[in-house]
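Derivation of every value follows stated rules applied to the coordinates shown; laboratory data play no part. Everything numeric here is computed off the predicted structure, so don't read it as measured data.
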Amino acid sequence: ASVVPWLLSDQKQGSLYLPYTPPRDLCVSAPTGSGKTLAYTVPIVELLQTRRVTQLRALILVPTRDLAVQGRDMFEAVGKGSGLATAMITGTHSFRHEQAQLVRVDGDYTQSMIDVLIATPGRLVDHLRGTCGFTLGHLRFLVIDEADRLLGQSFQQWASMLLDAIESPPRTSFPLAPQTLHHETPPWTHDDMDVPQPSVQKLLFSATLTRDPAKMSALRLRDPHYIRAVSYTHLRAHETLRYL
């Protein structure tokens with residue numbers, strides 16, 4: 001109830017990306033079972049279904065394969081009918097099989113096959129290093145689920161490599177049509193293919209979200225907004241103690 005309206009409120013300008021007023025990042029601390037996965041799935045599906053061209057625009061990073069399956073199932077259920085393509089890379093399948101899910105390469109032409117990717121850090125780093133045409137240059141959302149667990153793990157320096165890949169200049173998957181080259185407005189406003197600067201929004205979710213400056217600084221957060229959800233059981237216990 002707190003997260004969904006807050007994320008959707010950024011979309012007042014009518015564009016999927018907000019390059020001149022980048023959105024604030026979000027840190028959410030909420031108990032297990034409170035609906036964290038649903039809280040980010042709903043607004044991401046709502047916003048991404050307006051895209052015209054398939055590009056990797058949402059990356060969900062999770063610490064385990066079980067959580068990856070849970071995230072994939074949630075996106076497939078909520079996104080049914082939206083046309084969004086979702087994939088999962090955790091090492092369950094062969095590297096070549098995962099590559100075929102991510103991109104199609106035909107000579108100099110590369111095309112993203114997915115809009116949403118659920119990944120574990122180690123496997124993501126493998127594809128950033130070894131999959132031709134795989135790019136995070138068009139990312140709009142980066143979700144770090146179970147953030148405390150992930151921040152406590154190195155996985156080939158995944159955090160710095162991930163952020164460097166996000167902040168590198170985006171590349172188009174195919175040449176722009178000639179009529180767009182001298183258009184009155186920039187091409188990215190039409191299909192968000194060439195964004196002037198990274199406007200990826202980082203969304204951190206955890207049951208016990210850290211505020212350790214050293215750990216949080218590694219994620220290069222932009223003016224983060226914090227939301228802390230308290231369980232109903234905790235509230236009842238607090239009321240009982242207050243009256244005692």
With viscosity set to 1.567 mPa s and temperature to 4 °C, compute the Stokes-Einstein D of the range 24-86, Rh being the Kirkwood radius across alpha carbon pairs; µm²/s, no decimals.
101 µm²/s
Working only with C-alpha atoms, what are the Rg and Dmax values of the range 1-158, expressed in angstrom?
15.5, 48
So what's the convex hull volume per residue for the Cα atoms of the range 57-132, in Å³?
89 Å³
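Using Cα-Cα distances under 8 Å and only pairs 6 or more residues apart, what relative contact order does the range 1-129 have, in percent? If you can, show how the numbers build up before the last one.
Numbers: 140 pairs, mean separation 36.0, N = 129.
Answer for the range 1-129 is 28 percent.
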Taking a ≥ b ≥ c as the square roots of the eigenvalues of the Cα gyration tensor, with a/c under 1.5 meaning rounded and otherwise prolate when a/b exceeds b/c and oblate if not, the range 98-167 is prolate
